[in-house]
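Asker: First the structure, then my questions, so here it is.
Nothing in this text is a laboratory measurement; each read-out follows from the coordinates by a stated rule. Computed from a predicted model, the values in this text were never measured in an experiment. For neighbour counting, all protein chains shown are included, and Cβ atoms are generated from backbone atoms with ideal geometry for every residue, glycine included.
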Amino acid sequence: MIDQAFIHMISGHGGNGIVSGRHEKFVPRGGPDGGDGGRGGDIIIIADGNVNTLLEFRYRRRFKATAGGRGEGANKHGKNGGDVRIRVPVGTQVWEADTDNLFADLSSQGQGIIVAKGGRGGRGNARFATSTNQYPLLAEEGEAGEELSIRLELKLLADVGIIGLPNAGKSSLLASVSAARPKVADYPFTTLEPVLGVVERFHDTFVMVDIPGLIEGASEGIGLGHDFLRHIERTRVLVHVVDGSALDPLGDLRTINRELVQFNEELAGKPQLIAINKLDIAEVRELRADLEELFAGQGGPVFFISAATHDGVDDLLNKVYEVLQETRVNDETGVAEVDMDSLPVLRPRPRREPINIRKLRDAFVVEAPRVARIAAMLDEQDWNARIQFLGHLQRTGVVKALEDAGIMPGDTVRFGSIEWEWE
Ligand SMILES: Nc1nc2c(ncn2[C@@H]2O[C@H](COP(=O)(O)OP(=O)(O)O)[C@@H](O)[C@H]2O)c(=O)[nH]1
Ligand SMILES: [Mg+2]
């Protein structure tokens with residue numbers, strides 16, 4: 001059974017660098033002091049063994065990291081944006097939405113990927129100072145965040161196994177607590193494929209698997225395929241369903257437990273909760289006190305339930321949840337210790353960006369993100385700032401590229417948001 005979720009994300013915009021500082025000479029501590037913008041927050045997906053399903057993404061599909069703060073005077077760096085950490089079950093695959101492009105396979109605890117890197121902060125004017133330009137009037141806008149849609153996929157693995165003789169009511173129980181609709185029948189051996197159900201409890205989820213009443217044959221290798229074994233290995237608690245209306249309920253419990261030991265020692269050693277089922281039947285209710293006594297000391301707490309009426313089922317599930325909590329893989333601090341600096345980045349941004357000139361009918365368009373980011377911050381009214389920008393274009397090779405593309409005085413040139421007449 002595959003669990004799937006689509007989510008949309010936007011990483012944080014980088015903060016803008018600013019122009020600040022005194023222009024006058026001979027002023028102590030004068031000079032350019034515009035700080036850099038902070039970086040935008042990243043969106044990170046991390047595999048966490050304490051998350052069992054993708055169900056929560058049915059309620060929350062959009063994730064947005066915060067922007068970096070703008071730089072300030074006195075060389076003050078802007079605040080970095082906050083990262084968003086999305087925790088998914090171990091085994092989750094991260095795909096590009098709507099394609100079969102696999103971004104990451106998060107197969108181990110704590111493994112993660114930065115799916116959307118926050119924009120870098122823009123440089124403040126202090127960083128544009130050179131020996132020939134002591135009072136730079138240029139600063140850089142922060143980089144935009146990244147936006148993308150992904151698909152998460154998970155082959156569900158069970159946390160809880162339901163065991164019991166045929167007809168005990170295993171399938172009925174699973175059906176009554178989850179959206180799974182297993183076959184319920186009066187005859188045994190109806191469950192051939194693992195049937196999983198996702199159970200919601202206290203804003204959390206866990207997965208139950210119906211282990212068919214085939215245990216008698218299964219210890220001899222009949223019936224339970226590899227798929228079942230994978231689920232069984234993973235389960236952390238078993239719910240042992242007993243038909244309270246059977247002739248010998250305690251004998252039934254022991255039969256299954258004997259089979260478990262033969263089938264798989266590890267499975268037999270898992271904690272069990274005993275669920276005596278069919279409490280809606282009058283004779284079971286009458287025997288309740290006797291059964292309680294009879295089952296005491298059988299190695300697990302005893303619950304009386306009716307899968308048919310749901311009576312007692314909530315108490316049972318609460319206990320299941322409690323046991324699962326006790327056997328959590330790791331506490332939250334364990335996951336928080338992921339070394340964020342070593343996480344791979346889905347789409348690392350190039351340090352050097354190419355300069356490209358596109359010639360339109362009415363204008364030359366400079367496609368160079370870094371240039372556009374400086375242009376965006378330019379005070380066009382300030383003649384000195386314009387001169388400095390031109391100097392920057394010269395040093396970074398943009399002027400040459402424009403000339404190579406055949407620009408003539410009087411032509412229009414665009415850098416990001418600004419438009420000039422070429423002189
Ligand atoms: N009266 C009553 N019958 C139940 C209850 N739970 C299951 N059954 C019946 O018992 C039979 C076997 O149930 P099923 O869930 O298929 O058992 P499984 O073989 O353990 O999966 C079916 O006829 C169910 O309708 C219950 O709580 N009360
Ligand atoms: Mg069944």
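Asker: Name the residues whose placed amide hydrogens come within less than 5 Å of the amide hydrogen of GLY82, ignoring near sequence neighbours (fewer than 5 apart) on the same chain.
Answerer: Correct list: GLY41, THR66.
Asker: What is the packing order of peptides 68-79, 128-139, taking the mean over residues of other C-beta atoms within 10 Å and listing the highest first?
Answerer: On the way: 68-79: 20.6, 128-139: 17.3.
Most protected by this proxy first, the peptides run 68-79, 128-139.
Asker: Can you classify the chain as rounded, prolate or oblate using the Cα gyration tensor, where a ≥ b ≥ c are the square roots of its eigenvalues, rounded means a/c under 1.5, and otherwise it's prolate if a/b beats b/c and oblate if not?
Answerer: prolate
Asker: Average the reciprocal distances over every distinct pair of alpha-carbons in the range 1-147, invert the result, and give the Kirkwood radius in Å. Intermediate values should be presented prior to the final figure.
Answerer: On the way: mean 1/r = 0.0586 Å⁻¹.
About 17.1 Å for the range 1-147.
Asker: Another one. Semi-axes of the equivalent ellipsoid of the range 241-328: what are they in whole Å, largest first, if each equals the square root of 5 times a C-alpha gyration tensor eigenvalue? Mind showing how you got there, number by number?
Answerer: Numbers: eigenvalues 96, 62, 21 Å².
Gyration-tensor ellipsoid for the range 241-328: 22, 18, 10 Å.
Asker: Taking the number of other C-beta atoms within 10 Å as the exposure measure, put SER306, SER108 in order starting with the fewest. Mind showing how you got there, number by number?
Answerer: Details: SER306 22, SER108 10.
In order of increasing Cβ crowding within 10 Å: SER108, SER306.
Asker: When the helix-only estimate is applied to the chain (DSSP H runs of n ≥ 4, each -39,500 (n - 2.57), divided by the residue count), what is the mean residue ellipticity at 222 nm, nearest 500 deg cm²/dmol? Write down the numbers at each step before the final one.
Answerer: Numbers: 11 runs with 101 residues, N = 423.
Dividing the helical sum by the residues of the chain leaves -7000 deg cm²/dmol.
Asker: Return the long-range amide H neighbours of ALA97 (sequence gap of 5 or more, or a different chain), with a cut-off of under 5 Å between placed amide H atoms.
Answerer: Result for ALA97 returns SER149, ILE150, ARG151.
Asker: Here is a further query. How would the range 266-379 be classified by its alpha-carbon gyration tensor: rounded, prolate or oblate, with rounded meaning a/c under 1.5 and the a/b versus b/c comparison settling the rest?
Answerer: On the way: a/c = 6.07, a/b = 3.46, b/c = 1.75.
Prolate shape, in that a/c is at least 1.5 and a/b is the bigger ratio.
Asker: Next question, about the same structure. What's the percent breakdown of Cα-Cα distances in the range 120-175 across 5 Å bins, shortest bin first?
Answerer: All Cα pairs, binned at 5 Å, distribute as 4, 12, 10, 8, 7, 5, 5, 5, 5, 5, 5, 5, 6, 5, 5, 4, 2, 1 percent.
Asker: Count the lysine pairs in the range 2-155 whose Cα atoms sit under 26 Å apart, keeping only pairs 8 or more residues apart in sequence or on different chains.
Answerer: Numbers: LYS25/LYS76; LYS64/LYS76; LYS64/LYS79; LYS64/LYS117; LYS76/LYS117; LYS79/LYS117.
Counting lysine pairs in the range 2-155 gives 6.
Asker: Going highest first, how would you order 252-264, 229-241, 316-328 by mean Cβ packing within 10 Å?
Answerer: On the way: 252-264: 18.2, 229-241: 21.3, 316-328: 16.5.
Taking the mean over residues of other Cβ atoms within 10 Å, the ranking is 229-241, 252-264, 316-328.
Asker: Taking the Cα centre as origin and putting +1 on Lys and Arg beta-carbons and -1 on Asp and Glu beta-carbons, what dipole magnitude results for the range 270-365, to the nearest 20 debye?
Answerer: Dipole magnitude for the range 270-365 comes out near 1480 debye.
Asker: Right, something else. When a footprinting reagent is the concern and you count Cβ atoms within 10 Å, what order do MET340, MET377, MET408, MET9 take, fewest first?
Answerer: Numbers: MET340 14, MET377 25, MET408 8, MET9 21.
Going from least to most buried by this count: MET408, MET340, MET9, MET377.
Asker: Take the chain, connect every pair of alpha-carbon atoms lying under 10 Å apart with a spring to form a Gaussian network, then pick out the residue of ALA282, ALA308, ALA116 with the largest mean-square fluctuation.
Answerer: Of ALA282, ALA308, ALA116, the Gaussian network model singles out ALA282 as fluctuating most.
Asker: Mean shadow of the range 356-421, computed from the convex hull of its alpha carbons, in nm²?
Answerer: Values: hull surface 16.3 nm².
Directional mean of the projected Cα hull area for the range 356-421 stands at 4.1 nm².
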